[in-house]
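Participant: Before anything else, here's the structure in question.
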Amino acid sequence: IPVEQIRNFSIIAHVDHGKSTLADRLLEHTGAIKTGRDKSNQQVLDKLQVERERGITVKAQSASLLYNYNGEKFLLNLIDTPGHVDFSNEVSRSLSACQGVILLVDANDGVQAQTVANFYLAFGNDLVIIPVLNKIDLPNADPERVCHQLQTLFDIDPSTILKISAKKGIGIDKVLEAIVKTLPSPPVDRNAKFRALLFDSSHDKYRGALSLIFVKDGTISLGDNICSAHTKKEYEVKSLSLLRPDEVPVKKLVAGQIGLLGCNMRSSKEAHIGDTIHHVGETVEVLPGFQPLKPMVFAGIYPMDQSQHIHLRNAIEKLTLNDSAVTVEVDTSPALGQGWRLGFLGLLHMEVFSQRLEQEYGAEPIITAPSVTYKIKLKPTKQLIKDGSDIIYINNPAHFPDTVKIEETFEPMVKATIITPDEYLGSIISLCMERRGVQTNATNIDNNRVMLQYDLPLCEIVLDFHDTLKTLSSGYASFDYEDSGYQSSNLVKLQILLNGTAVDELSSIVHITKSQTIGKQMVHRLKDIIPRQMVQIAVQAAIGGKILARENIKPYRKDVTAKLYGGDVTRRMKLLAQQAAGKKKMRMVANISLPRETFIDVLKK
Ligand code: GTP
């Protein structure tokens, strides 16, 4: 297919606005999949089990479609993007291989926070934007209002907005036509030396890491010797395929095409997103890569007991092969033993990861309270000045330095966008204030909807901000955020003591103004969560030597069957067995057994 007949595009949308449904429709209309397929198996592009369950797209998937328009054959490369705030970085990397996007907006819900964020991502990348309203079949759909919002916010001409129903298959041809007519073909050169952009990777049991590449120039063929511009490592091309959306093996890929490359890379850590691939022995100009994914939330992960260490390690290794956004470092804890510290893009990403550990590998690890990365400037000492290392970054409260050594502390901030109906404005503003937010902008996007922009500390939003916002607004407010660097902030280490022994796994780094409240909440919750023991337990929260809060847990009798009179042996055995099973799930910390849930529950709601 000539370059002029190729189009590369993405669909960008707020969660649930119908991106996957539209993608399926496009596949059907171009004959890539059969119509009327089993309903339960819809949304072909959402492959992972967790995605099905949670209804969110986690890993970007792509497909090549063949479309006949006015007797000419076009190759449309659809690059699917994830639709949740945690994954906005993945959206931007998928966009780098596109010339245009379909900006899909629910005609009932209207413009939402991610619509705004996604619009600016596409706009900032100079991409052609095809505005499309979806779900016009819904009785409450109000296309006029939503067109007006798009005009107010983004200066989009309402007459250019397509109106479709992905579910009912209405207007799909118009979308395909708009892709062909309004998007430019990719700026590629088939006669130049081969170079390709590696923009995503996945892992295959038998073939190792598979890279999704966009061929910018030249041709790549089976058996070619290729080289990574980033690592300088050399590989032989073992497999090439198109995604239609199932893999179709091919012998070569030419400039303008998107395909899957297999070259015996062991892990996706070798497949660097944004890398340029070229032929061995040739020098090419490196393609503009993009910012690497930056983990925002860190948590310790430990096996329930050390006998499961190897099993857990294998599971983590396998999962991270497929998800190069997760960072892994070895970590040890006095109470929990050998484990790892993992970095995630956000809390949802962390939950998806631990859910996959359980579902796909049967691993049930202990996961500690999540933390963000803080920046600390240490008081100058001769040694530090000599090493030039007076700035440290920590995401593990256990590594927080002694207060006397600290000059200044900084915390990561985000720029948040919230869109909400008027009636929830009051409670949302209170929520943002309680989370130490500073309002930077408020705009009416129509008669009864407002867009708010806030500078917020990342640590205040990672845990439950999104959920709280949804609850406060009966689900109507939407939220998105982007990273905005570090800001000076008065931080302290809040410790939890059990009978006088500090439990580092339960400690956290908090803003000074929050320490009292959080300390009280923590001990209160721990009192509820920690089961009674043979001895009394004092639960205390402290900063340095100063105790902020205390609760006591009264002692308890050990033999759960003692209170049963009569001699029903089987019942007695059953109870003892239950108690033993319960024990297995405990960890001994400071001579006190803690249920594994304690560590994650304590910081959750
Ligand atoms: P993420 O993958 O989480 O980003 O969601 P998505 O944007 O891919 O949304 P998805 O395609 O999963 O659709 C969300 C819901 O909207 C599903 O229940 C769809 O059946 C429904 N839906 C999609 N398109 C239409 C439409 O045109 N009309 C109606 N009534 N419902 C639709």
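The values are calculated or read from the model by the stated rules, or taken from the named source; none is laboratory data. The structure presented is a predicted model; accordingly, all values stated were derived computationally and were not measured. All Cβ positions, glycine included, derive from the backbone under ideal geometry; neighbour counts span all protein chains shown. SASA here: full protein model, heavy atoms, side chains in, ligands and nucleic acids out. Shrake-Rupley method; radii C 1.70, N 1.55, O 1.52, S 1.80 Å.
Participant: Could you list all residues from region 203-218 that are surrounded by fewer than 16 Cβ atoms within 10 Å (Cβ to Cβ) and touching a residue at least 12 places away in the same chain (Cβ under 8 Å)?
Facilitator: ASP204, ARG207
Participant: Search region 350-392 for residues being open to solvent by 20 Å² or more (accessible area, probe 1.4 Å) and assigned to a strand (DSSP E or B), and hand back the single one that is modelled with the lowest pLDDT.
Facilitator: Across region 350-392, the extreme among qualifying residues is ILE367.
Participant: Being buried (at least 20 other Cβ atoms within 10 Å of the Cβ) and assigned to a loop (DSSP other than H, G, I, E, B): is that true of ALA299 here?
Facilitator: For ALA299, the condition - buried (at least 20 other Cβ atoms within 10 Å of the Cβ) and assigned to a loop (DSSP other than H, G, I, E, B) - is not met.
Participant: Does THR417 satisfy the condition of being touching a residue at least 60 places away in the same chain (Cβ under 8 Å) and closer than 30 Å to GLY545 by Cβ?
Facilitator: no
Participant: Right, next: What's the total number of residues in region 151-182 that are farther than 22 Å from THR21 by Cα and of a type in the set (A, V, I, L, M)?
Facilitator: Residues flagged as farther than 22 Å from THR21 by Cα and of a type in the set (A, V, I, L, M) within region 151-182 amount to 2.
Participant: Just to check your reading of the model, which residue among ILE179, ILE156, ILE136 is within 9 Å of the ligand (Cβ to nearest atom) and open to solvent by less than 60 Å² (accessible area, probe 1.4 Å)?
Facilitator: Criteria check complete, one pass: ILE136.
Participant: A further question follows. Can you name the number of the only condition in (1) modelled with pLDDT of 95 or more; (2) surrounded by 14 or more Cβ atoms within 10 Å (Cβ to Cβ) that PRO412 fails?
Facilitator: With respect to (1) modelled with pLDDT of 95 or more; (2) surrounded by 14 or more Cβ atoms within 10 Å (Cβ to Cβ), PRO412 is out only on (1).
Participant: I want to confirm something. Restricting to region 328-349 and keeping residues that are of a type in the set (A, V, I, L, M) and at pLDDT 85 or above, which single residue is most open to solvent (accessible area, probe 1.4 Å)?
Facilitator: So, considering only residues that are of a type in the set (A, V, I, L, M) and at pLDDT 85 or above, the one most open to solvent (accessible area, probe 1.4 Å) is VAL330.
Participant: Continuing with the same structure: Have a look at LEU321, LEU240, LEU293 and point out the one that is modelled with pLDDT of 90 or more and open to solvent by less than 80 Å² (accessible area, probe 1.4 Å).
Facilitator: So the residue among LEU321, LEU240, LEU293 that is modelled with pLDDT of 90 or more and open to solvent by less than 80 Å² (accessible area, probe 1.4 Å) is LEU240.
Participant: Follow-up. Answer yes or no as to whether VAL50 is within 23 Å of ASP173 (Cα to Cα) and either open to solvent by less than 10 Å² (accessible area, probe 1.4 Å) or modelled with pLDDT under 80 (or both).
Facilitator: Criteria not met by VAL50.
Participant: Are there any pairs with C-beta distances below 9 angstrom linking a residue in region 96-125 that is within 13 Å of the ligand (Cβ to nearest atom) to a residue that is assigned to a strand (DSSP E or B) and among the basic types (Lys, Arg), with the two at least 6 apart or on different chains, and if so which?
Facilitator: Here the result reads ALA107/LYS163, each pair linking region 96-125 to a residue that is assigned to a strand (DSSP E or B) and among the basic types (Lys, Arg).
Participant: So which strands (runs of 3 or more DSSP E) are wholly in region 179-234 and hold at least 3 residues that are in contact with a helix residue (DSSP H, G or I) (Cβ under 7 Å, 6 or more places away or on another chain)?
Facilitator: Ranges flagged: 195-204.
Participant: Go through (1) of a type in the set (A, V, I, L, M); (2) under 26 Å from ALA369 (Cβ atoms); (3) part of a strand (DSSP E or B); (4) modelled with pLDDT of 95 or more one by one and return the number of the condition LEU431 breaks.
Facilitator: Condition (3) is where LEU431 drops out.
Participant: State whether the residues of region 267-286 include one that is loosely packed, with under 14 Cβ neighbours inside 10 Å, within 22 Å of HIS349 (Cα to Cα) and at pLDDT below 80.
Facilitator: No, the conditions are met nowhere in region 267-286.
Participant: Continuing with this model, one more query. If I filter region 159-170 down to residues being under 15 Å from LEU103 (Cβ atoms) and buried (at least 16 other Cβ atoms within 10 Å of the Cβ), which single residue comes out as nearest to the ligand (Cβ to nearest atom)?
Facilitator: Here the residue is ALA166.
Participant: Suppose we filter MET451, MET433 for residues that are open to solvent by 40 Å² or more (accessible area, probe 1.4 Å) and out of contact with any Pro (no Cβ under 6 Å at 6 or more places or on another chain); which single one remains?
Facilitator: That would be MET433, the only listed residue that is open to solvent by 40 Å² or more (accessible area, probe 1.4 Å) and out of contact with any Pro (no Cβ under 6 Å at 6 or more places or on another chain).
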